[in-house]
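To keep things clear, I will list the structure first and then write my remarks on it.
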Amino acid sequence: MDGNDMGGGGKCPVMHGSLTSTETSVTAWWPKSLNFDILHQHDRKVQPYGPDYSYRKEVEKLDYEALKKDVHALVTDSQDWWPADWGSYAGLFVRMAWHSAGSYRLADGRGGGGAGNLRFAPLNSWPDNANLDKARRLLWPIKKKYGNKLSWADLIILAGNAAYEVAGLETFGFAFGREDIWHPEKDTFWGSEKEWLTDSRYEKLDERESLANPLAAVVMGLIYVNPEGVNGKPDPARTAMDVRETFKRMAMNDEETAALTAGGHTIGKCHGNSDPTGLGPEPEGEDVVGMGLGWKNSNQSGNGRFTLTGGPEGAWTSEPTKWDGGYLDMLLDHEWELTKSPAGAWQWKPVSIDEADMPVDVEDPSIRTMPMMTDADMAMKVDPIYRKYMEKFREDHDYFSRTFARAWFKLTHRDMGPKPRYIGPWVPQEDLIWQDPVPAGSTDYDVEAVKAKIADSGLSVADMVSTAWDSARTYRGSDMRGGANGARIRLAPQNDWDGNEPARLSRVLEVLEPIAKETGASIADVIVLAGNVGVEQAAKAAGFTKTVPFTPGRGDATAEMTDAESFEPLEPLVDGYRNWIKDDYVVKPEEILLDHTQLLGLTAPEMTCLVGGMRVIGTNHGGSAHGVFTDNVGALTNDFFVNLTDMSNTWNPTDDEGIFSIRDRQTDAPKWTATRIDLVFGSNSILRAYAEVYAQDDNKEKLVDDFIAAWTKVMEADRFDTRA
Ligand code: HEM
């Protein structure tokens, strides 16, 4: 009986579990309501070190060499409670780092190891992450020792690097700077399935490219592909298609994918050496006693050679704790046939093998065991492109090591954003194209003189504000890509995006580029300054004299510094701030507004005042009348909020899908045209609450101040965002 049973005597009168379990939430009754929690996650209140704590400053105080020594020593310091295979945690630590980083996806920049999300649901309890809870606990003494100066997120990736170094690989480098989160991420969509490992995220099952965006894994609960084959059916040629598609979504090309798979499985083993019915629930599925460590295995010793993560069993090479060419030799030198692991998973075994080439048992070196390949490993042999790389890697071991080390660095650093965010002594010198390099821009110019020239240039407020907004809005805090720095809006592919209005953009750039040349400011800075001039003029027109804060120093990237293809996912489909919807995108554009706002790092009130301000400044896409809520276009007034909250107006859908006519309730005369996104600020209970604040007579100046603060946050975010 629990405290919820109110029928009898002697029980606690407080309703337990009514709002303390995750099953209930006040809005769960209405699944269509918008989830604003995504904007308010990772609040400073949940961060235990206090408001002045800066991880980026703390981590610089680390004794890096001492830390490295400790992590290296741990790799071979087997603990009784979780004995290391062959006395080395190299395999386990590499898998932990790979699964931490490997959830990254290019489409929305979410996932990845940059925030230490492996510690929290759902990732801490995904079937594919079985026993990585043990790997993190093994690191605890080191985390405890270096404390506030070392995040879990950095330590998890560092452990993977250390594992490779102990195994004998020369790694490419390592950067600190990943700041921990303190609860699960609420904004990451991991799929809509209600069950693990079911196959429902493909539009057409046979077309593996039809995997739903932004997902990158084939099913819920796996990092990438099913090791037994597509839908658990072994067929290496088909599995190759899944490997190619999923790794592409992680931003890896064929060579990087081949190097990562071969280099990953050069170390360690699979753990499927016992009956899976003995395996307990994952950590989040356990009751309080078992929640810390999940997957309790009641079979035999439950660890060592009986460790169970669920699937295949065996090592890939004869010496699985060494960085060598063993994986390539094993794969290419043998014929392979299908078999099943003791846990019942499909895997491949050599048709014949010399005893000397067989790996030894993890506990007893006198016992030889059968090596294995997963279906994904066999894909490396069967697919002609992957096979070409396997052969090349085997021929030239140094080339393999170098290619792997670079791909591993990319895998584990891709979501950290541009190189200036890297911290520590092991940051590689070389600039890499996927870091979106931007040369440093000048700070030695007269900002006021540049602003004066812009103000004299004849550009309209809408031209200046729209162009600056378009330049900055690509920024996403998920992987710190995009933004105004680099002025990539002048380069392919961005200069051709519909959302950037190419004709207007080139007209505005023709005016701004000569100003940059004359003054020594970068074009990137001049574009932002033009936006600021526009905002100041709009404030003035509303009766307020304001200065928009500005920090100079953005640089201008070139086409050679830009991997155009990898910028394509940053193209907007909907921009709620500019009231623009690509190709009549009609599926709830307000959800995309919310998602975009989350990626920009704005709160709900910041979003509200920015949208409302932009709508009266006249920044609507293509100068269309959609949603201009004022007769005084170009002035930063609160007319948007006043008109949306005014009960003398009615809102009627027009024939044009997604467009509404705002009419006078008495005369039915049309006043303004609005989109769904506009209306949500008048109708959604939460956004209306903010809209009312800005509609109040008292708050006209507050709107201008708040608008400028939120605007500045977006303009400067790409250079000063310290969120991990
Ligand atoms: C191509 C897709 C891949 C598949 C299907 C796959 C599958 C698997 C499976 C089933 C295991 C066994 C886990 C266990 O039972 O403990 C495993 C282990 C491992 N994987 Fe992968 N893997 C893939 C790619 C990679 C990559 C890219 C890396 C690293 C760069 C990697 C590194 C490892 C390591 C080091 C282990 C050994 C873990 C240990 O010794 O405890 N794998 N992999």
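The values are calculated or read from the model by the stated rules, or taken from the named source; none is laboratory data. None of the values given here were measured: they were computed from a predicted structure. A quick note on method: Cβ atoms are made from the backbone with ideal geometry, for glycine too, and the neighbour counts reach across all protein chains shown. Please note that ligands, DNA and RNA were not included when accessible areas were found on the heavy atoms of the full protein model with its side chains. Shrake-Rupley method; radii C 1.70, N 1.55, O 1.52, S 1.80 Å.
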Within region 111-148, of all residues that are under 22 Å from the mean Cα position of the chain (by Cα) and charged (D, E, K, R), the one farthest from Ala73 (Cα to Cα) is Asp128
Is it true that Ala695 is at pLDDT 95 or above, buried (at least 17 other Cβ atoms within 10 Å of the Cβ), more than 36 Å from the chain's Cα centre (by Cα) and hydrophobic (A, V, I, L, M, F, W, C)? no
Every residue from region 246-283 that is β-branched (Val, Ile, Thr) and within 9 Å of the ligand (Cβ to nearest atom): Thr246, Thr257, Thr261, Thr266, Ile267
For region 49-62, enumerate the residues that are open to solvent by 50 Å² or more (accessible area, probe 1.4 Å), touching a residue at least 40 places away in the same chain (Cβ under 8 Å) and not in a helix (DSSP H, G or I). Tyr49
May I ask you to verify whether Gly290 is part of a loop (DSSP other than H, G, I, E, B), at pLDDT below 95 and within 14 Å of the ligand (Cβ to nearest atom)? no
Residues that are open to solvent by 40 Å² or more (accessible area, probe 1.4 Å) and farther than 23 Å from Val533 by Cβ, at least 2 per element: which helices (runs of 4 or more DSSP H) completely within region 581-682 meet that? 589-600
Please state which one of Ala107, Ala90 is open to solvent by 20 Å² or more (accessible area, probe 1.4 Å) and of a type outside the set (Phe, Trp, Tyr). Ala107
For region 390-401, give me the residue count where each residue is of a type outside the set (Phe, Trp, Tyr) and within 15 Å of the ligand (Cβ to nearest atom). 2
Among the candidates Val526, Val574, which residue alone is in contact with a Pro (Cβ under 8 Å, 6 or more places away or on another chain) and open to solvent by less than 20 Å² (accessible area, probe 1.4 Å)? Val574
Just give me the residues in region 18-42 being open to solvent by less than 100 Å² (accessible area, probe 1.4 Å) and modelled with pLDDT of 80 or more, in sequence order. Ser33, Leu34, Asn35, Phe36, Asp37, Ile38, Leu39, His40, Gln41, His42
Please state which one of Thr239, Thr261, Thr246 is under 18 Å from Met390 (Cα atoms) and open to solvent by less than 10 Å² (accessible area, probe 1.4 Å). Thr239
Among the candidates Val243, Val218, which residue alone is in a loop (DSSP other than H, G, I, E, B), within 13 Å of the ligand (Cβ to nearest atom) and touching a Ser or Thr at 6+ places or on another chain (Cβ under 7 Å)? Val218
Determine if region 221-238 includes at least one residue that is closer than 21 Å to Gly109 by Cα, outside the structural domain of Thr309 (by TED's automatic domain parsing) and under 20 Å from the mean Cα position of the chain (by Cα). no
Exactly one condition in (1) surrounded by fewer than 23 Cβ atoms within 10 Å (Cβ to Cβ); (2) more than 9 Å from the ligand (Cβ to nearest atom) is not met by Trp323; state its number. (1)
Please determine whether any residue of region 264-279 is farther than 17 Å from Ala343 by Cα, aliphatic (A, V, I, L, M) and in contact with a helix residue (DSSP H, G or I) (Cβ under 7 Å, 6 or more places away or on another chain). yes
Out of Pro384, Pro425, Pro418, sole residue that is touching a helix residue (DSSP H, G or I) at 6+ places or on another chain (Cβ under 8 Å) and modelled with pLDDT of 95 or more: Pro425
Here is a list of conditions, (1) touching a residue at least 60 places away in the same chain (Cβ under 8 Å); (2) open to solvent by 40 Å² or more (accessible area, probe 1.4 Å); (3) of a type outside the set (Phe, Trp, Tyr), and Glu510 meets all of them except one; can you say which number that is? (1)
Suppose we filter region 339-381 for residues that are part of a helix (DSSP H, G or I) and surrounded by fewer than 17 Cβ atoms within 10 Å (Cβ to Cβ); how many remain? 3
Within region 135-151, can one find any residue that is closer than 20 Å to Leu92 by Cα, within 16 Å of the ligand (Cβ to nearest atom) and open to solvent by 10 Å² or more (accessible area, probe 1.4 Å)? yes
Counting just the residues of region 343-389 that are of a type in the set (A, V, I, L, M, F, W, C) and away from the ligand (no atom under 16 Å from the Cβ), which one comes out farthest from Tyr399 (Cα to Cα)? Ile367
Residues (in contact with a strand residue (DSSP E or B) (Cβ under 6 Å, 6 or more places away or on another chain) and farther than 17 Å from Ala472 by Cβ) located in region 586-623: Pro589, Ile592, Asn620
Residues that are of a type in the set (Phe, Trp, Tyr) and more than 37 Å from the chain's Cα centre (by Cα), drawn from region 631-664: Trp651
Does Leu332 count as buried (at least 22 other Cβ atoms within 10 Å of the Cβ), more than 30 Å from the chain's Cα centre (by Cα), more than 13 Å from the ligand (Cβ to nearest atom) and modelled with pLDDT of 95 or more? no
If a residue counts only when it is farther than 23 Å from Asp718 by Cα, which helices (runs of 4 or more DSSP H) contained entirely in region 392-510 have at least 2 such residues? 397-413, 447-455
